[in-house]
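The values are calculated or read from the model by the stated rules, or taken from the named source; none is laboratory data. In this text the structure is predicted, and so the values were computed from the model without any measurement. Because the Cβ atoms are built from the backbone with ideal geometry, glycine has one as well, and the counts that use them run over all protein chains shown. What goes into the accessible areas is simple: the full protein's heavy atoms, side chains included, and nothing from ligands, DNA or RNA. Shrake-Rupley method; radii C 1.70, N 1.55, O 1.52, S 1.80 Å.
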Amino acid sequence: MLDPFLQALADILTQPTLLALSLGGVMLGTILGALPGVSSTMALAILLPVSYPMSPEHAMVFLIAVFSASVFGGSISAILVNIPGTPGAIVTQFDGYPLARAGKAGHALSYALFASTIGGMIGLAILVVVAPIIADAAMSFRSPEFAMATVFGLTMLAYSSPGSTFRGILVGALGLLCGMVGFDALTDVPRFDFGFAFLQSGIDIVPLTVGLFGLAEVMRNLGSRQAGAEGVPAIGSILPPWRSLVRLTRPMLRGSLIGTFIGAIPAAGSAIAVAVAYAQEMRLSKTPERFGRGAPEGIAAPEAANNACVGGALVPMMTLGVPGDTMTAVLMGALLLHGLRPGPLLFAENPGFVGVIYGGLFFAVAATLACNLVLIRAIVQVMRTPMHILMIGIAALSVAGSFAIRNSINDVYIMLFFGLVGYVLGLLRLPAAPMAFGLILGPILEENVRRALIVSRGDWTVFIDRPIALVMLLLSLVALLYPVAAMGWRRLRAARNGTGRTEPLRQTDG
Amino acid sequence: MASPSIPGPQSAPSDGGAAPAAAAAQPSTPLRDLLVGLFFLAWAATGWLSVATNEQIFSDLYAGLDPGPALMPLLVLGAVTLGAVAILASGLVRLLRGKAGPGTGGGSPAAEEGGLRRHLVPLGLLATLAVYPTIMEAIGYLAATAFFVLGWILALTGWRGLAGRGERGLALAVALVSTALIVGILYLGFVVVIHAPLP
């Protein structure tokens, strides 16, 4: 279990290319994460094309570094300008920004940085221990289970996305349809090509994700004219007193555990993990009134949780092929792009590659600490870039990136189409993530449904005869029906309370 | 869970194109329901059109053991159509009910979000991006990109707000330097490192 990990780590440290990719990924991830308006998902999506020509190992080390560092980067803008750079940093600003206002921005950044490091390492450690166990258990998976795991993953992502689960699933269904464009893998029959030759080879993951998460976000930012991070305060001294860091050990550990486990639940994600970690610290604190006014625990616990989520979210993605959030969905897209299908077979057939993921993440977490201790002042300078200049740069990068995948102008048009789709989705308050996920998982779902039906000779009960498949199907149904049931229950209660309240009112009126 | 109250965030970046959490927490207006329903229906109609004109796709539906390439498209299109109709129906019902009762009609999304003007810049960007590849093929990648980036940065800088020649000169210098930086980084990344055959 540890050999491939140590081997990968040794490779990163001894091969200049890998070392440069990882360090470059960390720097890019920190900066992009710190920029308001660029989420971790967007950072991954716009850098996905850059990783395309690399070998699978190089691409993974690079993207994991971007992912991991962008999670910390998000807290930089949360602390300095009170705008979370990434959704997971939302809670960090509650106490980070007041500290920065009090002239202790450097200390706040250090609390976040050390908490991130500890959270990231604990998340990774739990990933290394738990993933092989789950992958082992999942070795009994056959086509019906894989098909249901896909349905389960799609439902969970729709459930965790803002808005109605039902609508999220419909957006996922649109993604599934996009995944069917082109030649059918089993029969070579072209589908949904509308007579265009370039659609027969299918819709590539890259133009879709770049459009949905890159261009659409650029359009939204330009439309809302959100202020950039121009009013960055002075940082002051960076290293806080050693004793104050030691005092934060427990909040960091608690946050890390909460983050890993909530991150590993496909329906949850970092935004929930950080809120739980913050609430937990507040409840345990003897002086809860300090929270919201610059309490170091209020930075340390959620930041540890936020970064521990990275390891946690990789557990279902690597072992079952079910991404826990949008970021891991894009990472999974990157793996599939390189011909690697995450799931139990990855562990059995490609333990070396699993080691690369572990090693890449370990190095990235350590490098984020080192780079930021040394370079944080320079990174903060980059944040002063005006918003609109940055957004136009990202738009130009989106075009070049989607072109570079297959050297085709048509991919640029596909990217623009999904940019528009993503923008419209935002206006309609529909989540975009399930669409990308549908495209990524569509072919896997179809292949497994059809294979299961071939084996069962067309008998659909194959999906409910097998216990694991049945459980995943039932859980999906629960996630789908729970919000409806809860809303019905609330309405029922409100109706009762409403009648109860009107009567006394009438009495006073009369 | 009895968690202590957590102050609301100032502004949350949307992750993965999703609407900001605060906005998503508001109940959907009937008019938006109708638009959402129509959005899904448009996708379904496009899909059905393609399936209906595809003769090959049905050739082996349940002909052999493999259920064939039409199975999943039919299932998913059916689901999207049903879902679209359900959302449309609920929107219609709520709209009619809202009209019946005073003051409960849903405000139009355009009005609540400050008019159509806020879509001008995003859609303008999309429009210029749509012609950018054609220009790229005509005058080359570097020139087209420099033109596109510089034009947009200048357009977004907001000339009217800048007073006097000094500020404008500075804005122009910033725009020129950032254009050079962006074009340089893209050229270095895609042409020199990845060898993408950009025109």
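Name the shape class, rounded, prolate or oblate, that the alpha-carbon gyration tensor gives for the protein assembly as shown, where a ≥ b ≥ c are the square roots of its eigenvalues, rounded holds for a/c under 1.5, and otherwise prolate holds if a/b is larger than b/c and oblate otherwise. The shape class here is rounded.
When peptides A:187-199, A:250-262 are ranked by their average number of other Cβ atoms within 10 Å per residue, the highest-first order is A:250-262, A:187-199. When the other protein chains are added to the chain by itself, burial of at least 10 square angstrom of heavy-atom accessible area (probe 1.4 Å, ligands and nucleic acids ignored) affects these residues of the stretch A:269-293: A:275, A:276, A:278, A:279, A:282, A:283. For the stretch B:171-199, accessible area lost to neighbouring protein chains reaches 40 Å² or more, against the chain alone with a 1.4 Å probe, at B:182, B:186, B:190, B:194, B:197. Taking each residue as 0.36 nm, the span from residue B:96 to residue B:127 lengthens on full extension beyond its C-alpha to C-alpha distance by 7.5 nm. Distant-in-sequence amide contacts of residue A:183, defined by a placed amide H-H separation under 5 Å and a gap of 5 or more residues or a different chain, comprise A:191, A:202. Looking at the stretch B:116-193, the accessible area is 57 square angstrom per residue; that uses a 1.4 Å probe and ignores ligands, DNA and RNA. If you wrap the Cα atoms of the stretch A:74-197 in a convex hull and average its projected area over all directions, you get 12.5 nm². Accessible area per residue for the stretch A:18-120 is 18 Å², calculated with a 1.4 Å probe on protein heavy atoms, without ligands, DNA or RNA. With a Förster radius of 60 Å applied to the beta-carbon distance between residue B:167 and residue A:496, the computed FRET efficiency rounds to 0.40.
Rounded to the nearest 100, the interface formed by chains B and A buries 7500 square angstrom of accessible surface, both chains summed, with a 1.4 Å probe. Computed about its Cα centre, the charge dipole of chain A is approximately 1720 debye, with only Lys, Arg, Asp and Glu carrying charge at their Cβ. Surface composition of the stretch A:3-487: carbon and sulfur make up 67 percent of the accessible area, probe 1.4 Å. Distance between the pseudo-spin-label points of residue A:468 and residue B:142 (7 Å out from Cα toward the beta carbon): 5.6 nm. Sorted from longest to shortest, the spans of the Cα atoms of the stretch A:163-220 along the three principal axes equal 37, 27, 17 Å.
For the stretch B:116-193, with all protein chains present and a 1.4 Å probe, just round the carbon and sulfur fraction of the accessible area to a whole percent. The value for the stretch B:116-193 is 74 percent carbon and sulfur by accessible area. Extension gain, residue A:6-residue A:200: 0.36 nm per intervening residue step, less the Cα-Cα distance, totals 65.5 nm.
With coordinates expressed along the principal axes, the C-alpha atoms belonging to the stretch A:374-510 extend over 73, 59, 38 Å, beginning with the largest. At 24 Å minimum axial length over the Cα atoms and a Kyte-Doolittle cut of 1.0, report the qualifying DSSP H helices in chain A, or say none. Helices meeting the span and hydropathy rule in chain A are A:16-34, A:56-81, A:105-137, A:351-382, A:387-406, A:409-427, A:433-455.
What is the distance in Å between the Cα centroid of the stretch A:430-494 and that of the stretch A:127-154? If we compute the Cα centre of each part, the gap is 15 Å. Between residue A:285 and residue B:185, the distance separating the two model label sites (each 7 Å from Cα on the Cα→Cβ line) works out to 3.7 nm. Put simply, when A:486-492, A:422-428 are sorted by average Cβ atoms within 10 angstrom per residue, most first, you get A:422-428, A:486-492. Sequence-ordered 3J(HN,Hα) estimates for the stretch B:50-55 from the Karplus curve with 6.51, -1.76 and 1.60 and θ = phi - 60° stand at 5, 5, 5, 8, 9, 6 Hz, glycine and proline given as x.
Averaged over the residues of peptide A:168-177, the number of Cβ atoms from other protein chains lying within 10 Å of each residue's Cβ is 6. With 20 Å² as the minimum drop in accessible area between chain alone and full protein complex (1.4 Å probe), the qualifying residues in the stretch A:81-107 are A:82, A:84, A:87, A:90, A:93, A:94.
Classify the stretch B:116-193 as rounded, prolate or oblate, taking a ≥ b ≥ c as the square roots of the eigenvalues of its Cα gyration tensor: rounded when a/c is under 1.5, otherwise prolate if a/b is larger than b/c and oblate if not. Note, shape of the stretch B:116-193 comes out oblate. The residue A:243 and residue A:370 beta-carbon pair, evaluated with R₀ = 22 Å, returns a calculated FRET efficiency of approximately 0.45.
Counting, for every residue in B:72-83, the Cβ atoms of other protein chains within 10 Å of its Cβ and taking the mean gives 5. Mean per-residue shielding of peptide A:420-427 is 5, counting Cβ atoms of other chains within 10 Å of each Cβ.
Over every Cα atom in the stretch A:215-359, the radius of gyration and the widest Cα-Cα span, Dmax, amount to 19.0, 53 Å.
Taking packing as the residue-averaged number of other Cβ atoms within 10 angstrom, the listed peptides A:204-217, A:329-342, B:137-150, A:357-370 run from highest to lowest as A:204-217, A:357-370, A:329-342, B:137-150.
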